[in-house]
1. Determine which member of the set ALA231, ALA185 is without any contact (Cβ under 8 Å) to a residue 12 or more places away in the chain, aliphatic (A, V, I, L, M) and farther than 23 Å from ASN254 by Cβ.
2. Identify, by number, the condition in (1) in a strand (DSSP E or B); (2) surrounded by fewer than 10 Cβ atoms within 10 Å (Cβ to Cβ); (3) of a type outside the set (Lys, Arg) that VAL53 doesn't meet.
3. If you go through the stretch 67-81, how many residues are over 13 Å from VAL169 (Cβ atoms) and either outside any loop (DSSP other than H, G, I, E, B) or under 18 Å from the mean Cα position of the chain (by Cα) (or both)?
4. So which of ASP154, ASP184, ASP147 ends up being out of contact with any Lys or Arg (no Cβ under 7 Å at 6 or more places or on another chain) and at pLDDT below 75?
5. Looking at (1) within 19 Å of TRP197 (Cα to Cα); (2) at pLDDT 95 or above, which one does VAL220 not meet, given that it meets all the others?
6. For the stretch 89-110, give me each residue that is part of a strand (DSSP E or B), at pLDDT 90 or above and closer than 15 Å to VAL169 by Cβ.
7. In this structure, does GLY198 turn out to be under 25 Å from LEU125 (Cβ atoms), at pLDDT below 95 and of a type in the set (Gly, Ala, Ser)?
8. Within the stretch 157-181, restricting attention to residues that are at pLDDT 90 or above and part of a loop (DSSP other than H, G, I, E, B), which residue is farthest from LYS240 (Cα to Cα)?
Amino acid sequence: MSSSSQLDAHVFETKAVNTPGTVPITIVIPLRNDIHAITLDQNFTFEGRTPNVRDIHPKELTVHGGTKLTVLGSNFEAESNPQMNLTQKAISTLDGTKTFDEVKYPPTPCSVLKQSEMTCKTPELQLPSSEEFGSFKAEYRFGFIFDGFEEAHDVEGNITSEITVEIAVVELHSISEHHWPPYDATKRQPLHIEIFWGHFQHEAVVRVGGIRSNITERLVNRLLFLPPDEAQLKPESGCKNSKEAHSVEVAAGNTNRHVGCLTYDPDDDTPLRMILVFAVCGVVAVVVVASIIAFYIVQKRKNKDGE
């Protein structure tokens, strides 16, 4: 019999549990007439991996959709390919004379940032005309689909991938037409746009000729931005009746507003420098030619005098 001790490895499979938690590990040894149980100094932990949605913000959606929502919760995994399933409950006018059917929007993909946070974008909303039917209230249910967890329930029988929150639907304000002087890109001075979009002020992007601009400052009533270099823009983009101008637009989600046309200040010094360079080169060339001719004449006279 060997004096060295030998350890046997045993593989076992755990059964499903209703709730996550920690349990002690006990080894049961069957004897001839009894069993012997040994409790180890180690525990086994059952982790709850079912995705759970806790909150959503912001609590506002734009009518045109494309609102970026931040979803907070736990156990989010990119491998589960999460999708948001938005349902707009039936809407009744305030006087109760008309009811609009429930709308189930197609699922939209979400991006997992970390296990406790992901982002999703809303589709364009189908809402009654406020001009025709007046004011109304809309209620939304946010469902989240995770691969492998579509039927998952928590202990109390609630589907953990659904949440109902009060959401305000807003129409972003129009922006007045802006007029800027020709932009001098060499000075790198930001331009401004007067805008009052509340929460969506922080999501707004500015594009010049379709190219995204660098926003240098966001204030409650304006945006400061640096237009891209004109070389990045398409020459034929144009704006209204001007081929030299470029359209300036502000967007948040699927909402897009035209705010003006921008032209660039041409670099007037460049043609002048080119003219000066050519002029100097021409003068030098004339001086050189004249010198050669003068030298030739002098040498010819010397040769004649020598004869």
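1. Selected residue: ALA231, the only one of ALA231, ALA185 that is without any contact (Cβ under 8 Å) to a residue 12 or more places away in the chain, aliphatic (A, V, I, L, M) and farther than 23 Å from ASN254 by Cβ.
2. All conditions pass for VAL53, except number (2).
3. 10
4. Going through ASP154, ASP184, ASP147 in turn, just one is out of contact with any Lys or Arg (no Cβ under 7 Å at 6 or more places or on another chain) and at pLDDT below 75: ASP154.
5. Every condition holds for VAL220 apart from (2).
6. VAL103
7. yes
8. SER174
The values are calculated or read from the model by the stated rules, or taken from the named source; none is laboratory data. What you see is a predicted model; the values in this text were computed from it and never measured. Ideal geometry is used to build each Cβ from the backbone, glycine not excepted, and the neighbour counts take in all protein chains shown.
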